[in-house]
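Here the structure comes first, spelled out in structure tokens, and everything after it is commentary.
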Amino acid sequence: MTNADIAATFDHIADLLEYQGGNVFRVRAYRNAARTIGGMVESLAAVRANAGRFLTDIDGIGTDLAEKIGSLLDTGELPLLAELRKAVPAAVFDIMRVPGLGPKKVKLLVDQLGIDSLDSLEQACREGRVEQVKGFGAKTQTMILDNIAFAKNPDHARLLWQEADAIVQDLLGWMRGCPHVRQIEGAGSWRRGRETVGDLDLVVDSDDSAAVMDRLHAWKETSAVLLRGDTKTSVRGPRGVQIDLRVVEHGSFGAALQYFTGSKEHNVRLRSWARERGLTINEYGVYELGTEDKNDAKSAKGVCVAGDTEQAVYGAVGLPWVPPELREDRNEIVMAERGELPELVELADIRGDLHMHTTATDGEDTLAEMVRAAVARGLQYIAITDHGQRVTMARGLDKHRLLKQWDEIDRLNESLAEDGRPPIVVWKGIEVDMLEKGGLDLPDDVLEKADWVVASLHYGQNQPRERITARIIEAIENPHVSVIGHPTGRLLNRRPPYDVDIEAVIAAAARTGTFLEINANPWRLDLNDHHAAAAKKAGVKIVISTDAHSTRGLDVMRCGVLQARRAGLEAGDVANSRTLAGLRKLMKR
Ligand code: DGT
Ligand code: CA
Ligand code: CA
Ligand code: ZN
């Protein structure tokens, strides 16, 4: 079992316990452990195998959970889970994944309507039975129907990029331990940094394809071999993901990597570009047209002019190397020829993180812990942006508690500056809610005292397009609002974006000098790449923020940067790549 599997198992247990009305602290212990494990880079198996380390050294893992992790690693099973599964109807877990349906609501549906599957829930909604259950209404019923349809779409069952990345890194490490592997790279949508990934593609440079394929089949996570040919094999890996591996000769490695990185649309465009120049490209190399070389059976195309590196492949058709994130057939080949490819923003360009939570609301770690973790990550400034009072579920801050937190931040900054130049500057921020009826959940006389204001929409997400758009534009026009947080509200695989006129939002942001966020949380990645590119075109500056709810949450910045790169953003387009003074100059007040 991988860390992700164990995290998913603990989350599952928490869901089932909660469904049964179990002890809240017990539920929380499983949830926290799941979050910790999900964010760990090192594998639990490695920690356990290390004689000098203990699982109980990990935050939030006590002897009981450590024992359970051990049992999962050894057997893949857990007696507690088996017990819970017996006690709780199987469909409960599926139904709980529908956004807005927590364990308590699901229990009502099961007890009162006998719901035993997503299908029967869908049926009950269509027949108007759900709206009659106490605590549900017509609106909730419609929302459930929409969300079931969304979740049932097979396109929405793909791995998040971050999940795919964890598997790819683990697998590359294993494969590099094979002496017959000369070079190996991940390709496909993972390499292009897509938000979600369907299957994993690997390209290997080796003279012994059988040995390389054996190595993949021997990987501890390989659960089935789906196909084995001379140079290609497909297996089933962790979380059921398919892994396609191709082995090529040294001289074809770059061509194969280029081909299997895709996108298909980029490759089609590149092939016709090559053809116009008397060349043809395939997964073996770049060949001259009309110089058939009958000895080269594999290509039967002509004299090979490039193939060992991607640079050489692009170079042979007169182009500079194109970053994988841009290979989506969005005019990148024309831009490459003109030398107009953007110099994409990098993680190292990011100087600050301007959206994060603490234990004052729904974060796991304290203000001091978040600041320490930010310093450790080399950030020069951060903004603490806990929720405003509207978010009651997270104990959102009212004016009184907020001002108290800001006092604490003032004192913290003073003590940081005591020995000269402070290692980091902490901004007094807030994530205010855009209220259902319009307006913000904290008054202007409070907001004007903030260094940084994120305005987000968490409630009334089913309102009509005009209402949602008007609420966001009203916030944009508020002189105290610095940035709009996760502007479309979507959760990948879970919840579609709310209905918002994003062009109008971008235009209003451009007009007022308000920033728009790329929320780096791997479930959100909101704005998406198209929207972020449109914002750049309109002259809007983007802020990439982690929205961290724990110190580990700060590490998702790289996911947000990847999204920005896919949008073609350069460091200059990203406000939090500036120095603090530079950022201040960009702000609207
Ligand atoms: P995914 O797996 O759905 O997230 O998306 P990709 O882009 O990884 O797609 P996949 O795994 O089907 O194929 C990997 C790459 O291989 C793809 O991006 C381009 C290349 N490829 C696959 N089939 C074709 C094809 O029929 N023509 C061309 N030109 N390239 C292809
Ligand atoms: Ca793929
Ligand atoms: Ca594939
Ligand atoms: Zn937030």
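The values are calculated or read from the model by the stated rules, or taken from the named source; none is laboratory data. Bear in mind that the values here come from a model prediction, so they are computed numbers and not experimental data. Please note: Cβ atoms are built from the backbone with ideal geometry, for glycine as well, and neighbour counts cover all protein chains shown. Ligands, DNA and RNA are excluded from the accessible area calculation, which covers all protein heavy atoms including side chains. Shrake-Rupley method; radii C 1.70, N 1.55, O 1.52, S 1.80 Å.
Here are a few things to note about the model shown:
- Longest stretch of the chain clear of exposed loop sites (GluC sites (Glu not before Pro), DSSP loop, at most 13 other Cβ atoms within 10 Å, sites excluded): 128-275.
- Surface composition of the stretch 97-213: carbon plus sulfur atoms contribute 48% of the solvent-accessible area (1.4 Å probe, protein chains only, all chains present).
- Angle in degrees between helix 3-19 and the longest Cα principal axis of the chain, rounded to the nearest 10: 30 degrees
- Once both labels are positioned 7 Å from their Cα atoms along Cα-to-Cβ, the gap between K139 and R584 label points is 4.3 nm.
- Given their separation in residues at 0.36 nm each and the Cα-Cα distance between them, V268 and D419 gain 48.4 nm when the chain is fully extended.
- Summarising the label geometry, the points placed 7 Å from Cα in the beta-carbon direction at R126 and R53 lie 5.1 nm from one another.
- Working value for the stretch 391-494: equivalent-ellipsoid semi-axes of 30, 15, 13 Å, each the square root of 5 times a Cα gyration tensor eigenvalue, largest first.
- Helix 557-566 vs. the chain, principal-axis angle (Cα, 0 to 90°, nearest 10): 60 degrees
- Normalised by the number of residues in the chain, the mean separation of alpha-carbon contacts (under 8 Å, six or more apart) gives a relative contact order of 10 percent.
- Computed over the alpha-carbon pairs of the stretch 19-62, the distance histogram in 10 Å steps reads 26, 46, 21, 7 percent, short to long.
- The alpha carbon radius of gyration of the stretch 3-152, expressed as a multiple of 2.2 N^0.38 Å, is 1.22.
- Label-point separation in nm, V225 to D199, each point 7 Å along Cα→Cβ: 1.7 nm
- Counting DSSP beta bridges with both ends in the chain, the antiparallel % (nearest 5): 45 percent
- Cα centroid separation - the stretch 45-94 against the stretch 523-552, whole Å: 35 Å
- The stretch 437-558 - Kirkwood radius from inverse mean 1/r over Cα pairs (Å): 14.7 Å
- Accessible area of the stretch 253-337 divided out per residue, in Å², using a probe of 1.4 angstrom: 45 Å²
- Cα-Cα P(r), the stretch 155-252, percent of pairs per 10 Å interval: 17, 53, 27, 3
- Stokes-Einstein diffusion for the chain, with the hydrodynamic radius set to the Kirkwood value over Cα pairs and evaluated at 10 °C in a medium of 1.306 mPa s, equals 60 µm²/s.
- Per residue accessible area of the stretch 111-176, 1.4 Å probe, in Å²: 54 Å²
- Calculation over all alpha carbon pairs of the stretch 63-169 in 5 angstrom steps from 0 returns a P(r) of 2, 11, 17, 17, 13, 15, 12, 8, 5, 1 percent.
- For the chain, calculated [θ]222 nm from helices alone, where every DSSP H run of n ≥ 4 adds -39500 (n - 2.57): -12500 deg cm²/dmol
- Counting Lys and Arg as +1 and Asp and Glu as -1 over every other residue whose Cβ lies under 11 Å from the Cβ of V168, the net charge comes to -4.
- Values of log10 I(q)/I(0), in the order q = 0.16, 0.18, 0.24 Å⁻¹, for the stretch 202-257 under a Debye, Cα-only, solvent-free model: -0.44, -0.55, -0.89
- Enclosing the Cα atoms of the stretch 347-586 in their convex hull gives a volume equal to 111 cubic angstrom per residue.
- Available extension along the chain between L108 and R395 is 100.8 nm, counting 0.36 nm per residue and deducting the alpha carbon span.
- Within the shell of other residues whose beta carbon sits under 10 angstrom from the beta carbon of R578, the net charge comes to +3, with Lys and Arg scored +1 and Asp and Glu -1.
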